Amino acid sequence: MGPVSNETKKKISATMKKKWLNGELKGWVINYDKTRMSYPEKVLDSLLRENGIYDKYRIERKLPYKGYFLDFAIIDLKIDIEMDGGQHYNSDKAKQHDRKRNEFLNGNGWGVYRINWNDFKFHQSAEFSNLLKFIKDYESMSNKYYEITDVIIKKITKSRKEYLFSFEEKMRVKYNFIMAHATLEIVSIDQLSKICKIPSCTIRRLIRKFDPENTILTRWQSRPTKIRCRLYDSQKEYFDSVREQYEKKQRVFVQSARDSSIDFSKFGWVKKLAPIINQKPQKVKKWMLRFMPEFYSEKCFKKNASIV
């Protein structure tokens with residue numbers, strides 16, 4: 001797939017913004033998992049608890065509101081407390097985004113208090129006192145208290161996990177995609193990897209998981225030992241099978257060697273026999289000792305034995 005055009009990006013952006021405003025995006029749920037908080041947010045969360053703010057007001061973490069997530073939303077007063085890291089001040093684009101966000105929330109009755117983490121970490125006591133003063137002043141200016149039902153949140157009937165594919169399902173989808181391209185013309189995992197544009201290690205892992213019998217791998221010759229071994233109950237059984245098949249092929253060469261017109265009692269028989277048994281000359285002796293030991297000891301010329 002080629003690069004996405006700017007026109008397409010604008011269409012996607014407009015569609016996403018519309019869904020955010022309507023609260024249609026899946027997974028918009030309040031996140032109670034503290035482990036997903038950044039370190040600055042954990043510090044602020046701890047201070048709010050130590051000073052009894054959680055006891056006095058209802059505070060929701062990462063509250064979804066019309067396309068935005070509010071870091072610390074005080075529902076009773078409709079206050080949004082934002083803990084901003086350095087990325088919020090690094091570019092004009094980020095500053096403009098925050099400015100629009102503030103205007104939008106203010107227009108919907110929210111008070112926004114932003115904390116610059118770079119200042120907060122060095123002057124924690126003073127900065128937190130300013131926050132407490134802001135909350136107290138905001139409460140005194142407004143006599144209205146809000147309930148959670150007063151804050152417009154898109155209610156979701158399913159949990160976030162039910163909306164998202166599980167890891168198992170994602171792997172199954174990818175495996176089916178691979179198998180759809182694994183035609184009879186494909187002879188190796190590397191070839192399939194190039195066609196599917198999926199790493200060969202991923203293909204092997206998916207086949208091991210969803211095709212334990214390795215039916216597709218039986219027709220591929222260039223497959224690694226670890227994969228091939230899964231066709232057998234044990235690694236020893238696999239290597240015994242390989243050894244047996246090799247010896248079966250060599251029996252044909254044994255018969256060819258016996259039927260040849262080579263005079264094994266004279267020097268030079270090694271070079272003549274090598275092409276017949278499909279071995280290099282330096283491997284002939286080892287091959288003879290393995291497959292024709294008696295013949296070699298009785299009838300073959302040995303250079304070292306002739307030296308007295």
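Annotations for the structure displayed:
- Failed item, numbered, when Arg99 is tested on (1) farther than 20 Å from Leu44 by Cα; (2) surrounded by 14 or more Cβ atoms within 10 Å (Cβ to Cβ); (3) modelled with pLDDT of 85 or more: (2)
- Exactly one residue among Phe122, Phe134 is of a type in the set (A, V, I, L, M, F, W, C), under 20 Å from Glu50 (Cα atoms) and part of a loop (DSSP other than H, G, I, E, B), and that residue is Phe122.
- Subset tally (residues that are without any contact (Cβ under 8 Å) to a residue 60 or more places away in the chain and touching a Leu at 6+ places or on another chain (Cβ under 6 Å)) for the range 68-95: 3
- Counting only residues that are of a type in the set (Val, Ile, Thr) and surrounded by fewer than 21 Cβ atoms within 10 Å (Cβ to Cβ), the range 68-83 holds 1 of them.
- Test: Ser306 is surrounded by fewer than 11 Cβ atoms within 10 Å (Cβ to Cβ), closer than 30 Å to Thr202 by Cβ and modelled with pLDDT under 80: no
- Residue list for the range 63-107, restricted to those being among the hydrophobic types (A, V, I, L, M, F, W, C) and farther than 19 Å from Tyr39 by Cα: Ile74, Ile75, Leu77, Ile79, Ala94, Phe104, Leu105
- Residue match in the range 106-122 (condition: in contact with a strand residue (DSSP E or B) (Cβ under 9 Å, 6 or more places away or on another chain) and modelled with pLDDT under 75): no
Matching residues to (1) surrounded by 13 or more Cβ atoms within 10 Å (Cβ to Cβ); (2) closer than 16 Å to Glu298 by Cα:
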| position | (1), (2) |
| --- | --- |
| Lys249 | no, no |
| Asp259 | no, no |
| Asp263 | no, yes |
| Gly268 | no, no |
| Lys272 | yes, no |
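- Qualifying positions in the range 48-67 - surrounded by fewer than 17 Cβ atoms within 10 Å (Cβ to Cβ) and in contact (Cβ under 8 Å) with a residue 24 or more places away in the chain: Asn51, Arg58, Lys66
- Matching residues, the range 50-97, being of a type in the set (Val, Ile, Thr) and either touching a Pro at 6+ places or on another chain (Cβ under 9 Å) or part of a helix (DSSP H, G or I) (or both): Ile53
The values are calculated or read from the model by the stated rules, or taken from the named source; none is laboratory data. On a predicted model such as this, the values are computed, not experimentally measured, just so you know. Virtual Cβ from ideal backbone geometry, glycine too; neighbours counted across all protein chains shown.
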